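Right, one structure below, let's go through it.
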Amino acid sequence: MSSRTAAPSQDGATARAAAQARAAAPALAALSLPDRASLLRGLSHTLGDNAAHLAAVAEDETRLGVNRLRGEIRRTQVQLEMFADVVEAGAFLDVMIDPPDPSAQPAPRPDIRRMLVPLGPVAVFSASNFPFAFSVLGGDTASALAAGCPVVVKAHEGHPRLSDLTGELAADALPAGALSVVHGREEGRRLVTEPAIRAVGFTGSTSGGRALFDLAGSRPDPIPFYGELGSLNPVVVTPAACAARGADIVLEYVASVSLGQGQFCTKPGLLFLPAGHTLEHHLRRAIAAVPSGPLLGSWISTAYRATLEELATHPAVTPVHLAATPDDTRTSVPALLATTAESVRAHPELLTECFGPASLIITYTTTDELLETLSTLPGGLTATVHGQEHEDELLARRLTAALHAGRLIWNGWPTGVAVTAAMHHGGPWPATTSPLHTSVGSRAISRWMRPVAYQNMPERLLPAPLRRANPWNVPQQVDGGLPGRSAS
Ligand code: NAP
């Protein structure tokens, strides 16, 4: 398969999947935490047991390379297992208990107990560029199931067979209706408007995400929409770092730009270098050594080539290196382009994501000019500073304050997102539609839950995590203290 295909019509499939998810929701929400965790671990085992076959189908559809795909399956397993641990630990329920206080000022206080509860069925739009880690059993699905929400996945048509296969394997390991897969753009739009669907997770383009975000907001009952969209991921090199290790930095930069043929939402799309740098030769040599390779599909390649041509032929831009365009419409064209900070401020259209192995180098003359230009950048998933630890301390503080992104990186590269509790994979628009939330790491679960406060509720009517005996043994924050597991 060389490209995404039009999905066959699925008369009624979305309505059926949403109805099954609605029916499955109460039992999934009521599962004990160990039972919920064991479902997630079961899914991880299913992926592991079928890894060779899944990777072969994925390779046939995406051409991402079997090694990379096997690694991505492992990452997807790790995500599922991490959420199993999160569920068992119970802190994600965010239990707070404020006992009654008849002497509280200005008025006596009732007994208030609060926790997070599942939102209900979630729609997940899977990504083209991560057929496992952000697809049928990816982070959105894992976090939603961990929260106790059934999932209906809108498959990405760049890997439809893999999506169905993963969905079938997963369905066998889950209660009926807890996970299903639908196909096709119209079915995707229908899914967002299905009354049973209570929230949406999306990874993809800014235009597609915006269209679906608007649709979710236009429902009679608007629902939360968590879109992870586009990002320029600027990298700033200070004059001191450029002088001390410029050649090494640009080598690593080109490696990060071209990793996975640049098909990462964290690819560094902008490199700020001090004017007068002498790294042109290193840059040209590094990018010329990047082999062309297949992109995810001809639809990605067509969009990439069109955006690249627009940038490369812009009067304010000079190509550093532009590979010849191959005849094969799916093959990448690695490229580096150059411009100045002044031109970027005059031509904001240069600040465009080019999804593939291309990046724009921007030279700046002074710190003030650099800071002024950074203030014009759109919100991003990441921003990076390469500086000298002691020499650049003051400048580094000013730069990190000026950069507008969900993850700030010091002397490293944005590609590669660790799956940890502290990770934030999100950021201000257009990086995401909700700057409060992350789609990677254990905090991703909070997108699928809502708080409920119970006031003066009799003990036997309270959910188990809120009871004094604490039968689920979850951390409880009592009267504003630190969360603990002792009975309140
Ligand atoms: P896409 O075109 O946005 O498609 C993603 C999903 O949204 C697909 O399921 C697609 O359905 C659906 N969709 C797109 N536009 C829609 C619309 N107007 N109405 C309803 N549904 C719509 O993303 P893609 O195929 O991955 O395209 C690549 C672009 O996405 C890249 O240029 C890159 O900028 C961005 N991207 C970002 C990330 C990230 O992590 N932030 C990851 C991957 C890609 P159909 O496939 O059925 O048409």
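The values are calculated or read from the model by the stated rules, or taken from the named source; none is laboratory data. Since the model is a prediction, treat every value here as computed from it, not as a measurement. Here Cβ is always computed from backbone atoms with ideal geometry, including for glycine, and neighbour counts include all displayed protein chains.
Please state which one of T307, T313, T238 is among the hydroxyl-bearing types (S, T, Y), more than 29 Å from G208 (Cα to Cα) and at pLDDT 95 or above.
From the options T307, T313, T238, the qualifying one is T238.
Are any of the residues in the stretch 113-126 in a loop (DSSP other than H, G, I, E, B), in contact with a strand residue (DSSP E or B) (Cβ under 8 Å, 6 or more places away or on another chain) and within 20 Å of S44 (Cα to Cα)?
Yes, because at least one residue in the stretch 113-126 is in a loop (DSSP other than H, G, I, E, B), in contact with a strand residue (DSSP E or B) (Cβ under 8 Å, 6 or more places away or on another chain) and within 20 Å of S44 (Cα to Cα).
Which one is nearest to E228 (Cα to Cα) among residues in the stretch 377-396 that are buried (at least 22 other Cβ atoms within 10 Å of the Cβ) and within 16 Å of the ligand (Cβ to nearest atom)?
Here the residue is L381.
Here are R398, R443: which of them is in a helix (DSSP H, G or I), within 30 Å of V95 (Cα to Cα) and out of contact with any strand residue (DSSP E or B) (no Cβ under 9 Å at 6 or more places or on another chain)?
R443
Residue check: is L145 in contact (Cβ under 8 Å) with a residue 12 or more places away in the chain and not in a helix (DSSP H, G or I)?
no
Taking the condition more than 15 Å from the ligand (Cβ to nearest atom) and either within 17 Å of A288 (Cα to Cα) or acidic (D, E) (or both), does D214 pass?
no
I'd like to verify a number: residues in the stretch 189-211 that are buried (at least 24 other Cβ atoms within 10 Å of the Cβ) and either without any contact (Cβ under 8 Å) to a residue 12 or more places away in the chain or within 6 Å of the ligand (Cβ to nearest atom) (or both), how many?
So the answer is 1.
Please determine, by comparing only the residues of the stretch 251-262 that are farther than 11 Å from W413 by Cα and surrounded by 21 or more Cβ atoms within 10 Å (Cβ to Cβ), which one is farthest from the ligand (Cβ to nearest atom).
Applying the filter and picking the extreme gives S258.
Answer with yes or no whether L374 is over 30 Å from Q77 (Cβ atoms), surrounded by 20 or more Cβ atoms within 10 Å (Cβ to Cβ), at pLDDT 95 or above and touching a strand residue (DSSP E or B) at 6+ places or on another chain (Cβ under 8 Å).
Numbers: over 30 Å from Q77 (Cβ atoms): yes; surrounded by 20 or more Cβ atoms within 10 Å (Cβ to Cβ): yes; at pLDDT 95 or above: yes; touching a strand residue (DSSP E or B) at 6+ places or on another chain (Cβ under 8 Å): yes.
Judged against the criteria, L374 is a match.
Across the stretch 446-461, which residue is farthest from F83 (Cα to Cα) among those that are touching a strand residue (DSSP E or B) at 6+ places or on another chain (Cβ under 6 Å) and of a type in the set (A, V, I, L, M, F, W, C)?
A453
When the stretch 281-304 is examined, which residues are found to be away from the ligand (no atom under 12 Å from the Cβ) and assigned to a helix (DSSP H, G or I)?
H281, H282, L283, R284, R285, A286, I287, A288
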